[in-house]
Amino acid sequence: DFCRKLLNRVTPKKGGLHNHVAWFLATAENPAQRAPALAVELAQKAVEANPQSTNHRNTLGVARYYAGDWTQAIADLEASVALGKGGNSFDMFFLAMAHWQLGQADEARRLYTHGIQKIGPQPGEDLSRFQLEAEALIKPPSANALQHPGGEKR
């Protein structure tokens, strides 16, 4: 409630404050601190203030992903990719996860691989965390993990 009251009083010039708070509320490392619905609302304000910002579009897509609106998340993340002339690993990992949630496994794996290819020399903690999240969701468990000690598959 405090964030909502504060941000309703702030008129976004370029949406930076709204985007920053939306990113935190969508992606907080501790899931108990997340508020994806509020993050979507704030990210929409950021995009309205600066529709050409790839970062704002990415935040909106990520917030929508965590809010469970995977189809709209894909649309926002694809807009981020278009604005960013090819996108980045953040775009690709969340696109991959959204496609996976919609049952589009081949596209999810393609986007995940593309995200891996776009990682720079120093990915940072957030990107590493999202890569692991995407990997855990998309990569099937190894055949060895499905075997009992006696060699039988579950």
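The values are calculated or read from the model by the stated rules, or taken from the named source; none is laboratory data. What you see is a predicted model; the values in this text were computed from it and never measured. Note that each Cβ is placed from the backbone with ideal geometry, even for glycine, and that neighbours are counted across all protein chains shown. Remember, those area values only see protein heavy atoms, side chains included, never the ligands or the DNA or RNA. Shrake-Rupley method; radii C 1.70, N 1.55, O 1.52, S 1.80 Å.
Pairwise Cα distances in segment 31-101 exceed 19 Å in 25 percent of cases. Computed over the Cα atoms of segment 97-137, pair by distinct pair, the Kirkwood hydrodynamic radius stands at 10.6 angstrom. Could you work out what % of the accessible surface of segment 1-140 is carbon and sulfur, using a 1.4 angstrom probe and leaving DNA, RNA and ligands out of the count? Carbon and sulfur together cover 53 percent of it.
What the Cβ-Cβ distance of Asp126 and Gln33 gives, at R0 = 22 Å and to the nearest 0.05, is a FRET efficiency of 0.95. Taking 7 Å steps out from each Cα toward its Cβ at Gln52 and Lys14 produces label points 1.2 nm apart. Quick one: Debye curve from the C-alpha atoms of segment 62-123, no solvent, what's log10 I(q)/I(0) at q = 0.12 Å⁻¹? Values, matching the q order: -0.25.
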